[in-house]
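What follows is a short report on a single structure.
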Amino acid sequence: MNKRIIEGIEVEVGSSNVFADLDLPDADKLKIKSGLTVQIAKAICEQGLTQAEAANRMGLTQPKVSSLLRGEFSNFSERKLMDCLNRLGYDIEIRVRETTEPVGHLVLTHA
């Protein structure tokens, strides 16, 4: 990683994946799941849904929605998180393209 001095303090510049920076296993998967979770939270907020209403729309229980909104997404598969977004009225587009790197990366973008 890259180190810089900002206002007299040495800081280490991370990558675009904090999970990889922390050397966690399955960092790419965690990044995708956290990104999907953020999108779900935004959708619930933008639509003014209560946790109970969101749970009903997503096919979950209210306690599971509460856990998800607290960032506890480890018990959810990527597919289930995508299904939740679909049920909240969002399309998901997966695009595969060649990379110039030896190994490709997972990237979550939102409009």
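The values are calculated or read from the model by the stated rules, or taken from the named source; none is laboratory data. Fair warning: this is a prediction, and the values are worked out from it, not measured in the lab. Positions of Cβ are generated from backbone atoms using ideal geometry, with glycine treated the same way; all protein chains shown enter the neighbour counts.
Remarks
- Search result, residues across the range 77-92 that are surrounded by 11 or more Cβ atoms within 10 Å (Cβ to Cβ) and either among the aliphatic types (A, V, I, L, M) or in a loop (DSSP other than H, G, I, E, B) (or both): 77, 81, 82, 85, 88, 90, 92
- Residues in the range 82-111 that are within 17 Å of residue 27 (Cβ to Cβ), within 17 Å of the chain's Cα centre (by Cα) and either of a type in the set (A, V, I, L, M, F, W, C) or at pLDDT 95 or above (or both): 106, 107, 108.
- Flag for residue 47 being more than 30 Å from residue 2 (Cα to Cα) and touching a Ser or Thr at 6+ places or on another chain (Cβ under 6 Å): no
- Within the range 86-106, tally of residues that are touching a helix residue (DSSP H, G or I) at 6+ places or on another chain (Cβ under 6 Å) and under 15 Å from residue 41 (Cβ atoms): 2
- Restricting attention to the range 47-85, the residues that are under 18 Å from residue 108 (Cβ atoms) and of a type in the set (Asp, Glu) add up to 2.
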